[in-house]
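Since the structure comes first, as structure tokens, the remarks are kept for the end.
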Amino acid sequence: MKLVPLIIFSLLLLTMEPNTGKSQSSVKISYTVTFPEAQAHYADIEMDISGLHQKILDLKMPVWTPGSYLVREFSKNVESFTAEAGGKAVEAKKIRKNIWRINSANVSAVKIKYRVYAFELSVRTSLIDASHAFLSATGLFVYPDGMLHHPSTVRIVPYKGWSKVSTSLEMVNNDPFTRQTPDYDILYDSPIEVGNQDIFGFDVDGVKYEVAMVGGGNYDKERLTKDMPLIIRHEAAIYGENPNKHYVFIVHNTSKGGGGLEHLSSCVLGASRDNYTNERGYQNFLALVAHEHFHLWNVKRLRPIVLGPFDYDNENYTTDLWIAEGFTAYYQDVIVNRTKLYPVDNYLGVLAALVSSLENTPGAKIDPVSQASYDAWIKLYRPNENTNNSSISYYTKGAVLAMMLDLEIMNDSHGKYSLDDVMNYMYHTYYKTKKRGYTDEEFKQGLEKFTGKNLDEFYKKYVNGVDAVDYDKYLGYAGYRLTDEFAGNNDPALGIATNTGNGKIFVSGVFRGSAAWIDGINVGDEIISVDSTKVTDVNTMLHGKKPGDKIEVSVLRDGLPLTLPVTLLKKTQVKYRIESVASPTEQQMAVRKKWLSM
């Protein structure tokens, strides 16, 4: 007999009966996931529930996945949802977008069947094809309402030709295909890779690390096995412990790569398969490793108080993503610098690019970083043509604020403390001792403990406000200053971003306050000519022009010709580099050495 390829998830749950006061001594739940049409990206799921003592059973699918702050409506990929008991159909009615209600009156066991379409390879969504399955649990598995917090076991039987499973869920009886999880929160926080991934690993101070490479690539396993532990040790040193026994990096190597998502004991990385032998590409990969691994402390354990326990039905709002993500974005490069794998100038170059990016974003003058954090659900993951003008990334602004606070603490404490001490204190105070997340005010108090002064003004200006940053003040603590490579130029600019297709040039963005903004050039306009000269290269279309010149820009808008008079303005973009002051003081050098681990 030909075996049907499948993954069996057996979850044994003890629970109290929802919707009634009657106690249920035992509820047994198992999921069976088969891939009869893996090439078409479908998973067929059977969910068996027994030991029921309730009239109604509501089954829910999360609408978002922790770490990625957007309602993604995973239930949109569910088809053919049915229920049966004793071989006979029972009523299964969808009562809202992500909830199915089962009539379980006089029924102790129910079998649920449904299909899930999975063909979106990203760090937070599932993909199934003939070569492998990446299972992001929030988009695959419904859970019984009221039964989130119970232990479970997971048994995996691979699809034909697949021989390996990579997940942070711990093995049962040393069986790699049988895993256990204490509750649904852990299941939803433990992605599973099944296929023929290239697996290698290493131990770091008693913690077993697994790296699962999917999709090939020109990576050097020996080099990664040497360099990744350096990152891990430097991060663990900040917090004084590594809370895991087993940690998994799932790396999806694709033609372009990009992105990452943290989990409690694992992470998923998107990398470019051909970029490992390029030193800049390799350094960027190490920074991505550092970023997502740093999250196992910052956000997965040390977290804003509203980020756990999770509400999987709705948005979970916080104004502190500038800490959870922004501080992590800062530390990713701090940690790579501490490994000494690259010269300090590389690190200063990354920081200069970070500051330049923030200062070249018009939205930085509009959107406070606390508000950007709160609005992640409607803005960051849903950008449009005006996003750059109206909002900022809490990653970028948060990283800049982390740098400022780090230098402030080092300076004010005469090199005794740094931001490391804040993170360590907050981790041990709130995660380890109080066993909860922190409030906005509590994190501010933690910062003040090590700056030794009130930070009301800092928060007013930079966290809840949009004041211009005096970078030279903060960099000056370490004897550095910013230099703008574009300073002194008198280049004209329209203030547009463009893209090209089929030999045509289209406006893809218009920058707030620019000549194009003021004089009415629109996103979507096709640039035809400037002063009757056909435009074939946007880089030379203003050749011979200067700020203040009045020109005529001819465009096609919705297929109709239009000529717009435009007065050119001076190019306002900056390109910073960080340079040492001429004669740094002894205090500045002490801060510099601590900051740069010199």
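Residues in the range 519-549 that are under 30 Å from Ala364 (Cβ atoms) and among the basic types (Lys, Arg) were compared, and the one that is surrounded by the most Cβ atoms within 10 Å (Cβ to Cβ) is Lys545.
Restricting the search to strands (runs of 3 or more DSSP E) fully inside the range 173-249 and requiring at least 3 residues that are closer than 24 Å to Gly161 by Cβ and either out of contact with any strand residue (DSSP E or B) (no Cβ under 6 Å at 6 or more places or on another chain) or of a type outside the set (A, V, I, L, M, F, W, C) (or both) gives 175-181.
Could you say whether any residue in the range 427-450 is part of a loop (DSSP other than H, G, I, E, B) and of a type in the set (Val, Ile, Thr)? The answer is yes, given that some residue of the range 427-450 is part of a loop (DSSP other than H, G, I, E, B) and of a type in the set (Val, Ile, Thr). In a residue-by-residue description of the range 101-118, the property of being part of a loop (DSSP other than H, G, I, E, B), buried (at least 19 other Cβ atoms within 10 Å of the Cβ) and within 29 Å of the chain's Cα centre (by Cα) applies to at least one position. Annotation note: of Ala582, Ala516, the sole residue that is surrounded by 14 or more Cβ atoms within 10 Å (Cβ to Cβ), small (Gly, Ala, Ser) and at pLDDT 95 or above is Ala516. Evaluate the following for Leu351: is it touching an Asp or Glu at 6+ places or on another chain (Cβ under 8 Å), modelled with pLDDT of 95 or more and crowded, with 18+ Cβ neighbours inside 10 Å? When the stated conditions are applied, Leu351 passes them. Evaluate the following for Gly206: is it at pLDDT 95 or above, outside the structural domain of Trp100 (by TED's automatic domain parsing) and more than 26 Å from the chain's Cα centre (by Cα)? Spelling it out, Gly206 is indeed at pLDDT 95 or above, outside the structural domain of Trp100 (by TED's automatic domain parsing) and more than 26 Å from the chain's Cα centre (by Cα).
From the residues in the range 53-66 that are surrounded by 22 or more Cβ atoms within 10 Å (Cβ to Cβ) and of a type outside the set (S, T, N, Q), which one is farthest from Thr125 (Cα to Cα)? Give the steps one after another, and end with the answer.
Within the range 53-66, the subset surrounded by 22 or more Cβ atoms within 10 Å (Cβ to Cβ) is 57, 59, 61-62, 64-66.
Filter once more, keeping what is of a type outside the set (S, T, N, Q): 57, 59, 61-62, 64, 66.
Numbers: Leu57: 27, Leu59: 20, Met61: 14, Pro62: 12, Trp64: 10, Pro66: 12 Å.
Going through the qualifying residues, I end up with Leu57.
Within the range 397-418, if we keep just the residues that are among the small types (Gly, Ala, Ser) and part of a helix (DSSP H, G or I), the residue that is farthest from Ala372 (Cα to Cα) turns out to be Ala402. Do we find that Asp440 is within 30 Å of Pro309 (Cβ to Cβ) and in contact (Cβ under 8 Å) with a residue 40 or more places away in the chain in this structure? Considered against the rule, which asks whether it is within 30 Å of Pro309 (Cβ to Cβ) and in contact (Cβ under 8 Å) with a residue 40 or more places away in the chain, Asp440 comes out as yes. Of everything listed in (1) more than 24 Å from the chain's Cα centre (by Cα); (2) not in a loop (DSSP other than H, G, I, E, B), the single unmet condition for Asp467 is (2). One residue stands out in the range 67-87 among those that are at pLDDT 95 or above and farther than 30 Å from Leu264 by Cβ: the one that is surrounded by the fewest Cβ atoms within 10 Å (Cβ to Cβ), namely Ser80. In the range 151-165, which residues are over 8 Å from Val194 (Cβ atoms), out of contact with any Leu (no Cβ under 8 Å at 6 or more places or on another chain) and part of a strand (DSSP E or B)? Arg155, the sole residue that qualifies. Return the residues of the range 550-570 that are surrounded by 14 or more Cβ atoms within 10 Å (Cβ to Cβ), out of contact with any helix residue (DSSP H, G or I) (no Cβ under 7 Å at 6 or more places or on another chain) and not charged (D, E, K, R); say none if nothing qualifies. Of everything in the range 550-570, those that are surrounded by 14 or more Cβ atoms within 10 Å (Cβ to Cβ), out of contact with any helix residue (DSSP H, G or I) (no Cβ under 7 Å at 6 or more places or on another chain) and not charged (D, E, K, R) turn out to be Ile551, Val553, Ser554, Val555, Leu556, Leu562. The numbered conditions (1) surrounded by 13 or more Cβ atoms within 10 Å (Cβ to Cβ); (2) in contact with a Leu (Cβ under 7 Å, 6 or more places away or on another chain); (3) of a type outside the set (Ser, Thr, Tyr) are all true for Val574 except (2). Pairing each residue of the range 76-98 that is over 16 Å from Pro144 (Cβ atoms) with any residue that is surrounded by 12 or more Cβ atoms within 10 Å (Cβ to Cβ) and polar (S, T, N, Q), provided the two are 6+ apart or on different chains, yields C-beta distances under 7 Å for Ala89/Thr82; Glu91/Asn103; Lys97/Ser75.
Does the range 471-483 contain any residue that is aliphatic (A, V, I, L, M) and modelled with pLDDT under 95? Scanning the range 471-483 turns up no residue that is aliphatic (A, V, I, L, M) and modelled with pLDDT under 95.
In the range 65-79, is there at least one residue being part of a loop (DSSP other than H, G, I, E, B) and among the small types (Gly, Ala, Ser)? Yes, that holds for at least one residue. In the range 472-492, the residues that are at positive phi reach residues that are modelled with pLDDT of 95 or more with C-beta atoms within less than 6 angstrom, at least six apart or across chains, in these pairs: Gly479/Ser580; Gly479/Val581; Gly479/Pro584; Gly479/Gln588; Gly479/Arg592. Restricting attention to the range 76-118, the residues that are in contact with a helix residue (DSSP H, G or I) (Cβ under 7 Å, 6 or more places away or on another chain) and within 12 Å of Ile45 (Cα to Cα) total 2. Confirm whether Thr498 is under 28 Å from the mean Cα position of the chain (by Cα) and farther than 21 Å from Ile409 by Cβ. Answer is yes for this residue.
The values are calculated or read from the model by the stated rules, or taken from the named source; none is laboratory data. Not measured: the values here are computed from a predicted model. Every residue, glycine as well, gets a Cβ built from its backbone with ideal geometry; the counts of neighbours run over all protein chains shown.
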